[in-house]
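What follows is one structure encoded as structure tokens, with my remarks underneath.
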Amino acid sequence: MRGHGWRERLLLHHYEVDKKYGTSYQKNFLEWFKRIQREDLYTCAGITDPKGDRSKRPLEQSDPDLFLRVVERRPDGVVVNGAKMHLTSCVNAHEIFTMPTMSLRPGEEDYAISFAVPMNTPGITMIIGRNSSDLRKLYGTPMDVGNAKCGGIEAVCVFDHVFVPNERIFLNGEVEFAGPLVDRFASYHRNSYGGCKAGVGDVLIGAASLFAQFNGVEKAAHIKDKLVEMTHMNETLYSGGIASSCEGYQTAAGNYIVDPMLANCCKLNVTRYPYEMCHLAEEIAGGLMVTAPSGADFDNPETGPYLRKLLVGANGVSAEDKLRALRLLETMCIGTGAVGFRTESMHGAGSPAAQKLNISRYANFNGKKDMAKHLANIK
Ligand SMILES: Cc1cc2nc3c(=O)[nH]c(=O)nc-3n(C[C@H](O)[C@H](O)[C@H](O)COP(=O)(O)OP(=O)(O)OC[C@H]3O[C@@H](n4cnc5c(N)ncnc54)[C@H](O)[C@@H]3O)c2cc1C
């Protein structure tokens, strides 16, 4: 009842796409994928192009390399130029997997390219991004780092005449497959955010709750209410991820695909709730989250004793532990890149407008109007 036929139409669409997709590409991809699993390799995802003027198609840009493209076709492979942007952990990756960032039209064949190559392939340069306060990691004061166990880094990955051998190519000129590829990838990515961001949310709730305890306010009704609000939003993110997986279905090729409507709704919630959760966490944290002295001040024999005496927490909690909890909150609420909880939630897997576009595609407003008309007795 709820799908009103769009699910069936989508299945048929997937079937038509799968039937046309070249078997040599499928073989290339499966061979590559099996090796990645067998050798336990880590692959980064290179989807986002620099894109220049967002109102223009790839061929209309001031520089043709603003979208990754094929510049030479050889009997044994292709040569590509351009870049992929914001690549999470590409500096730690064994290989990069690339695909177009959007659907393509006839005439844009050189941009319809998908492949995987090792990160040390000649012609690849990684230029890593800056996170706010990243130099704190180099000052030798671990108390100021926030997340003492792990971090994250994004990079611009430049392709300057990179040769890709035939067996590593998964798409080469077939513009009609770019759109379905982007759709399927985006649906999976938006589904996965229901798990990934809910996990980050658990840590944020934990840090806020811990700090409330350190501050002696954990039993206050409004603090409990904020923690419950945060938990409700976080579990809603998680539900969207679980629901889009459970409602997934089998394609003609035998593999499963997540429910795209629920995956897009999941990600749209992710562009909103983390901001509200950070808002509540900051309210619980108080001003010291952004005005706290550094670990070096604790180490300084002149200032350290003052700080240990004056910034002490409730029930014997040390000033140092209070600051450690606050730095973690600071990193998550206003830190940038993958260590933060906000901008990555907004733009990772596509900006909100992209999710709304998909939701409007699957919403079937006419079907809903029919139901309303039926109940209201409107002919
Ligand atoms: C921390 C982080 C990690 C990331 N990791 C990865 C990764 O590992 N791999 C990867 O490939 N990408 C990654 N991304 C990139 C992410 O997918 C993009 O940020 C996202 O797709 C948005 O693209 P953009 O940043 O170029 O913003 P833009 O596309 O420039 O969007 C900015 C605004 O402009 C609007 N807009 C854009 N184009 C148009 C248009 N034609 N008409 C009207 N409005 C438009 C958007 O809706 C949005 O509101 C990451 C991003 C972040 C922040």
Inset, instruction - Quick one: in region 29-74, of everything that is without any contact (Cβ under 8 Å) to a residue 12 or more places away in the chain and among the hydrophobic types (A, V, I, L, M, F, W, C), which residue is surrounded by the most Cβ atoms within 10 Å (Cβ to Cβ)? - result: F33
Inset, instruction - Name the residue, out of A253, A296, A281, A263, that is in contact (Cβ under 8 Å) with a residue 40 or more places away in the chain and not in a helix (DSSP H, G or I). - result: A253
Inset, instruction - Tell me which residues, restricted to region 75-85, are part of a loop (DSSP other than H, G, I, E, B) and surrounded by 15 or more Cβ atoms within 10 Å (Cβ to Cβ). - result: M85
Inset, instruction - List the number of the failed condition for I96; all other conditions in (1) within 10 Å of the ligand (Cβ to nearest atom); (2) more than 24 Å from S24 (Cβ to Cβ) hold. - result: (2)
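What is the residue count in region 182-229 for residues that are under 15 Å from Y273 (Cβ atoms), of a type in the set (A, V, I, L, M) and touching a helix residue (DSSP H, G or I) at 6+ places or on another chain (Cβ under 8 Å)? Spell out how you get there, then give the answer.
First pass over region 182-229, keeping only residues under 15 Å from Y273 (Cβ atoms): 190, 193-205, 208, 226-229.
After this cut, where a residue has to be of a type in the set (A, V, I, L, M) as well, the list is 198, 200, 203-205, 208, 227-228.
Filter once more, keeping what is touching a helix residue (DSSP H, G or I) at 6+ places or on another chain (Cβ under 8 Å): 198, 200, 203-205, 208, 227.
Selection size over region 182-229: 7.
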Legend entry - Conditions (1) in contact with a Cys (Cβ under 8 Å, 6 or more places away or on another chain); (2) assigned to a helix (DSSP H, G or I); number of the one not met by S360: (1)
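Of all residues in region 332-350, how many are among the polar types (S, T, N, Q) and either crowded, with 17+ Cβ neighbours inside 10 Å or more than 8 Å from the ligand (Cβ to nearest atom) (or both)?
First pass over region 332-350, keeping only residues among the polar types (S, T, N, Q): 336, 343, 345.
Next, only the ones that are either crowded, with 17+ Cβ neighbours inside 10 Å or more than 8 Å from the ligand (Cβ to nearest atom) (or both) stay: 336, 345.
Summing the residues that are among the polar types (S, T, N, Q) and either crowded, with 17+ Cβ neighbours inside 10 Å or more than 8 Å from the ligand (Cβ to nearest atom) (or both) in region 332-350 gives 2.
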Inset, instruction - Considering only region 305-343, state which residues are part of a helix (DSSP H, G or I) and free of Cβ contacts under 8 Å to residues at least 60 places away in the same chain. - result: P305, Y306, L307, R308, K309, L310, G316, A319, T343
Inset, instruction - Please work out which one of (1) in a loop (DSSP other than H, G, I, E, B); (2) on the phi < 0 side of the Ramachandran plot; (3) at pLDDT 95 or above is the condition T88 fails and give its number. - result: (3)
Legend entry - Number of the condition not met by G201 [criteria: (1) among the small types (G, A, S); (2) crowded, with 21+ Cβ neighbours inside 10 Å; (3) under 30 Å from G107 (Cβ atoms)]: (3)
Inset, instruction - Check F214 against each of (1) among the aromatic types (F, W, Y); (2) surrounded by 19 or more Cβ atoms within 10 Å (Cβ to Cβ); (3) assigned by TED's automatic domain parsing to the domain that holds I113 and name the one condition it does not meet. - result: (3)
Inset, instruction - Answer yes or no: is there a residue in region 351-361 that is more than 16 Å from the ligand (Cβ to nearest atom), in contact (Cβ under 8 Å) with a residue 24 or more places away in the chain and in contact with a helix residue (DSSP H, G or I) (Cβ under 6 Å, 6 or more places away or on another chain). - result: no
Legend entry - region 91-108, residues that are in a loop (DSSP other than H, G, I, E, B) and among the hydroxyl-bearing types (S, T, Y): T101, S103
Inset, instruction - For region 54-92, name all the residues that are within 16 Å of the ligand (Cβ to nearest atom) and touching a Leu at 6+ places or on another chain (Cβ under 8 Å). - result: P58, V80, G82, A83, K84
Legend entry - Selection count where residues are among the charged types (D, E, K, R) and surrounded by fewer than 14 Cβ atoms within 10 Å (Cβ to Cβ), scope region 147-159: 1
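Kindly evaluate G350 against the criterion of being at positive phi and not assigned by TED's automatic domain parsing to the domain that holds M102. Quick ask: steps written out before the conclusion?
Working: at positive phi: yes; not assigned by TED's automatic domain parsing to the domain that holds M102: yes.
Yes: the conditions hold for G350.
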Inset, instruction - Mind listing whichever residues of region 99-139 are under 25 Å from the mean Cα position of the chain (by Cα), surrounded by 14 or more Cβ atoms within 10 Å (Cβ to Cβ) and among the charged types (D, E, K, R)? - result: D134, R136, K137
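Would you pick out the residues in region 254-298 that are of a type in the set (G, A, S) and within 18 Å of the chain's Cα centre (by Cα)? Spell out the reasoning first.
From region 254-298, those of a type in the set (G, A, S) are 254, 263, 281, 285-287, 292, 294-296; that's our starting set.
Across region 254-298, the qualifying residue is only A263.
The values are calculated or read from the model by the stated rules, or taken from the named source; none is laboratory data. Here the structure is a predicted model, which is why all the values come from computation and not from measurement. Don't worry about glycine lacking a Cβ; one is built from the backbone with ideal geometry, like all the others, and counts go over all protein chains shown.
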